[in-house]
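What follows is a short report on a single structure.
We did not get these values from a lab; they are worked out from the coordinates using the rules stated. Keep in mind that this is a model prediction, so the values were computed, not measured. So basically every Cβ, Gly included, is an ideal-geometry build from the backbone, and we count neighbours across all protein chains shown.
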Amino acid sequence: MIKLTNIEKRFGALVALKGVSAVIAEGTVTALIGPSGGGKSTMLRSINLLEIPTSGELTIGEETIVFQSGVKVDGKAVRRLRRQTGMVFQNFQLFPHQTALANVMEGLTTVLKWPADKARARALALLEKVGLAHKAEAWPATLSGGQQQRVAIARALAPSPRVLLCDEPTSALDPELSGEVVDVLAQLAREGTTMVMATHDLRLASKIADRVIFLEAGMIVETGTAREIFTTPRHERTRRFISTLTQRDEVGVDGGDAS
Amino acid sequence: MQHWLSLMASSFPFLLRGALVFTVPLTLLSFTFGLLLGFGIALVRLFGGRLSIAAARFYVWMLRGTPLLVQLFIIFYGLPSVGIVLDAFPAALIGFTLNVGAYTSEIIRAVIASVPKGQWEAAYSIGMSWGQAMRRTILPQAARVAVPPLSNTFISLVKDTSLAAAVTLPELFRAAQRIVATSYEPMILYVEAALIYLALSSVLSILQVRLEHRLGRSGGFLEAKS
Ligand SMILES: Nc1ncnc2c1ncn2[C@@H]1O[C@H](COP(=O)(O)OP(=O)(O)OP(=O)(O)O)[C@@H](O)[C@H]1O
Ligand SMILES: [Mg+2]
């Protein structure tokens, strides 16, 4: 279980998250939606502590950290918590000096100190899973965006994180390429991978999310099942936001049952 | 002509000795220590506290803003008056190391800073510590970018070591000066010295190209990025 309690994040005078609380159950997929600047990325990055919250409390599994403004958090505790998470970035961020295989092995060999052959076997299995076993020896620069993102997903999954965080995993991709990434994420969702993803892609959200959190101006406006939020949102703000997205994407969400 | 050739032939062993015993070791040692110093200064400037950053900037400003020859004179001729007497080789080694440290720190700082922030985040996101991210993710990428400018510094250094002649180090150039003092053939001897410097820096240039080539594998990600 992942639990955020009253998480606040300030960047100088700007308050990016204004007391966000949420509980994310294991095995569920949660989509973070909302207008640009609403705090989706900041919320995701607060879960793996790429951003250290100004105040609040974060629990992942058995680890809890309490944040207080002015109190420096222990780096070891940050890493213990972070190691239970994996992250997929909008622009992939593969390590360009390492092959696809080496990218996926990196967390296992460097961080978890696995022996190379064991790490290689797991990395190959993960590349197989994302459909890229044949690209194991390829350099990132030679892969398409969709392929790079699938390698990045394999890299994030390698240390068996409790939760996979995805920040707009498809938005840097052309529609044809985003399909292959959506398919991989949908497959992971079916297998029960816990995921939290920020996305503007309603097709992605409606296809795989169980729950949806609508964030605006650093606050959670509404939370519900994907079906509730997309078809019968309670708040006017949510309704308006969903309608702008559907118009823009020309994707109907009526059949968008959470799968 | 005959006379020139025989003078070249007879002086060559002395010049070569100056090169092999002093010029080359001085270059290699001061570059190695200078790189370590430069790396330390670069880390301070990138990640240090306010005071240490100010100190590092002051150091670089001093060393880059004053002539190397004057620095060498201060170390070799100046320090004895405050009780620090150094032999020519250690004095030159210290001078060149301090100098290389200042110049390379700027290069190293720039190449480390040139690695996108997203790469740090990707490294952290798979659980790496700062040191692991630096060693496994940032430095290998920075190193590729650093090879050309660092090689240039290295090649300049080989030539600059001739300044050590002024603090009595019997390196290649001073060996030539000495023979000129007895043979009165400055043209031949200095051209000969120049040719040996040229040979040394050419070898280094070839090594540089090889190294760049080796680091340039990985699907040429540098080319893809630019
Ligand atoms: N490192 C930072 N420094 C200063 N302000 C920041 C930083 N990161 C985010 N912000 C600010 O915090 C607010 C929330 O940003 P965030 O990136 O979380 O929004 P988002 O919902 O992900 O938006 P988008 O849909 O555009 O990705 C914005 O006002 C943003 O400008
Ligand atoms: Mg964002």
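Gain on full extension, evaluated as 0.36 nm per residue between B:Ala194 and B:Glu121 minus their Cα-Cα distance, stands at 21.3 nm.
For the peptides A:174-185, B:55-66, the ranking by packing is A:174-185, B:55-66, with the highest mean count of neighbouring Cβ atoms within 10 Å listed first.
Counting only other chain Cβ atoms within 10 Å of each residue's Cβ, the peptide A:96-103 averages 5. Counting charges near A:Leu143 (Lys, Arg +1; Asp, Glu -1) among other residues having Cβ under 13 Å from its Cβ returns a value of +1. Estimated from the Cβ-Cβ distance and a Förster radius of 22 angstrom, the FRET efficiency linking B:Met187 and B:Arg17 is about 0.55. Each of A:Val20, B:Val44, A:Val104 was scored by other Cβ atoms within 10 Å of its Cβ. Arranged with the fewest first, they read B:Val44, A:Val20, A:Val104.
Where both bridge residues fall in the protein assembly as shown, DSSP classifies roughly 60% of the beta bridges as antiparallel.
Counted by Cβ distance under 12 Å from A:Val15, the other residues give a net charge of +2, where Lys and Arg count +1 and Asp and Glu count -1. Net charge within 14 Å of B:Ile138 by Cβ-Cβ distance, Lys/Arg positive one each and Asp/Glu negative one each, not counting B:Ile138 itself? Residues near B:Ile138 contribute +3 overall.
Using the Cβ-Cβ distance between A:Ala116 and A:Gln68 with R0 set to 35 Å, the FRET efficiency works out to roughly 0.25.
Would you order A:Thr244, A:Thr30 from fewest to most other beta-carbon atoms within 10 Å of each residue's own beta-carbon? Don't skip to the answer; put the middle values down first.
Working: A:Thr244 10, A:Thr30 23.
Starting with the residue having the fewest Cβ neighbours, the order is A:Thr244, A:Thr30.
Sorted fewest first by neighbouring Cβ atoms within 10 angstrom, A:Val23, A:Val71 come out as A:Val71, A:Val23.
Checking understanding here: applying a Kyte-Doolittle mean of at least -1.0 and a length along the axis of at least 18 Å (C-alpha), which whole DSSP H helices in chain B pass? Helix filter hits for chain B: B:2-18, B:24-47, B:50-65, B:88-114, B:139-160, B:186-215. Helices in chain B, meaning DSSP H runs of at least 4 residues, each add -39500 (n - 2.57). Divided by all residues, the mean residue ellipticity at 222 nm is -25500 deg cm²/dmol.
Close amide H partners of A:Ala209, meaning residues 5 or more places away or on another chain with modelled amide H under 5 Å apart, are A:Ser259. Using Cβ point charges alone (K and R +1, D and E -1), the dipole size of the protein assembly as shown about the Cα centre works out to roughly 820 debye.
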